[in-house]
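What follows is calculated from the coordinates using simple rules that are stated; it is not laboratory data. If you're wondering where the values come from, they're calculated on a predicted model, not measured in any experiment. Quick reminder, even Gly has a Cβ in these numbers, built from the backbone with ideal geometry, and neighbours come from all protein chains shown.
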Amino acid sequence: MKRVFTGIAELYTPYERLEQAALAVQDRRFVWVGAESSLPREYRSWPRTDLGGRGVVPGIVDAHTHLVYGGDRLGEYLQRARGDSYEAILAAGGGIYATVRATHAASEEELYELTRARAHLFLAQGVTALEIKSGYGLLPEAELKMLRVIKKLKETLPQRVFPTLLAHVVPQGWARGEYVAMFCQELIPEVARSGLAGAVDVFCDQGAFTLEETRKILEAALSHGLKIKLHAEQIAHTGATRLAAELGALSADHLEQSTPADWQALARVGTVGTVLPGAAVILRKPFPKARAMWDAGVKVAIATDHNPGSSPLYSPWLGMQLTISLGGLSAEEALAAHTAHAALALGRTDLGRIAVGAQADFAVLDSRKALEGLYRWGHLPLWKVFVGGTDCV
Ligand code: NIG
Ligand code: FE
């Protein structure tokens with residue numbers, strides 16, 4: 001497949017801004033990017049799509065989602081809006097446990113259909129790659145059920161899907177040590193053997209897993225050749241961020257309670273620091289200090305953390321806007337955080353970028369201005385979305 005895209009009024013790579021640009025795509029990757037006036041002769045005879053003087057940004061990458069789940073938590077949302085705490089609801093057997101019950105009750109087909117519909121809402125907003133975690137099964141068979149749903153989504157969605165096995169909380173009725181041992185000795189080896197996930201994540205926090213338990217799970221994952229990432233410093237400061245850096249995790253996510261020492265550790269090894277504006281704002285937690293992290297040298301990413309409890313957020317654009325207003329990033333930095341930096345949190349340098357050799361995933365705004373989607377709150381003027389150079393929306 002060969003195609004040239006012309007008529008781009010403004011383009012963010014995201015690191016550079018071009019005007020009157022053109023792109024050449026061959027076999028789903030960019031083979032040329034630059035000013036339309038300097039498009040080399042060899043590409044001029046290729047099939048052409050004129051984007052009509054519109055703005056273009058890289059495909060949005062959402063590197064932290066819990067997109068597969070049964071039921072909803074509207075009741076809990078209303079309770080929290082009245083002042084009840086997320087932590088107390090979880091400790092009383094609600095919260096994540098409520099979604100576990102609803103996810104157990106749903107069939108594989110139901111979970112697939114529910115998630116496919118959600119993924120489509122994301123695609124329509126320019127999300128061309130997304131990570132999807134398990135973690136609402138808890139029991140081995142139910143975790144594998146979730147991962148099979150994610151596998152089917154990976155095979156059928158237009159987007160690129162990255163499956164992650166999540167150790168979320170200890171199931172009710174299990175001894176902690178027994179569950180951690182099962183996770184390390186049965187679930188991780190089975191997932192590595194079957195290829196159902198490429199990474200393992202742990203919710204290391206008050207009410208979930210301790211730092212010691214987290215280390216055991218992550219070391220088991222590494223010994224089976226899986227990548228690792230962490231839910232770190234959301235509710236309490238546990239040291240999870242420094243553990244993530246020590247073990248070479250792809251990313252440490254949340255970071256509401258993180259400290260300058262944590263940021264230095266991330267910056268030193270290049271582990272991405274992912275902020276989740278939905279969870280911070282919806283749970284009324286301190287907003288992660290994205291500006292200070294960025295200035296400390298951390299590769300800062302933004303993700304929706306879409307889930308039915310702490311972050312029923314469907315809009316990466318709102319996530320970027322909140323991080324601009326409350327986290328202190330510039331609009332250009334926020335775009336990089338939800339594209340190229342988010343791709344690094346998936347271990348990929350060929351996604352979230354408009355550059356020669358990268359996958360040809362991009363979003364076309366229905367505006368001459370590429371950053372119009374960050375300016376308008378609650379209205380996204382998006383024209384088309386391309387994955388691998390093919391129009392998907
Ligand atoms: O990333 N922090 C833990 N896990 C999810 C929330 C899951 C839930 O509340 O259902 C999160 O915020
Ligand atoms: Fe999460």
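At-a-glance table
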| quantity | calculated |
| --- | --- |
| Meets criteria (out of contact with any helix residue (DSSP H, G or I) (no Cβ under 9 Å at 6 or more places or on another chain), among the aliphatic types (A, V, I, L, M) and loosely packed, with under 15 Cβ neighbours inside 10 Å) for ALA102 | no |
| Any chance GLY70 is at positive phi, among the small types (Gly, Ala, Ser) and in contact (Cβ under 8 Å) with a residue 40 or more places away in the chain | no |
| Top-ranked residue in region 208-224 [being under 23 Å from the mean Cα position of the chain (by Cα) and within 23 Å of ALA92 (Cβ to Cβ); ranked as surrounded by the most Cβ atoms within 10 Å (Cβ to Cβ)] | PHE209 |
| Looking only at region 129-184, and only at residues there that are at positive phi and surrounded by 21 or more Cβ atoms within 10 Å (Cβ to Cβ), the one that is nearest to the chain's Cα centre (by Cα) | GLY135 |
| Qualifying residue in region 330-343 (condition: under 18 Å from the mean Cα position of the chain (by Cα), surrounded by fewer than 24 Cβ atoms within 10 Å (Cβ to Cβ), assigned to a loop (DSSP other than H, G, I, E, B) and not hydroxyl-bearing (Ser, Thr, Tyr)) | no |
| Residue check, LYS227 free of Cβ contacts under 8 Å to residues at least 60 places away in the same chain, among the basic types (Lys, Arg) and either within 16 Å of ligand 2 (Cβ to nearest atom) or crowded, with 18+ Cβ neighbours inside 10 Å (or both) | no |
| Within region 125-208, helices (runs of 4 or more DSSP H) holding 2 or more residues that are among the acidic types (Asp, Glu) | 140-156 |
| Which listed residue, of LEU346, LEU322, is assigned to a loop (DSSP other than H, G, I, E, B) and under 21 Å from GLY59 (Cβ atoms) | LEU346 |
| Some residue of region 137-147 being within 16 Å of ligand 1 (Cβ to nearest atom), in contact with a Pro (Cβ under 8 Å, 6 or more places away or on another chain) and either closer than 16 Å to THR304 by Cβ or of a type outside the set (S, T, N, Q) (or both) | yes |
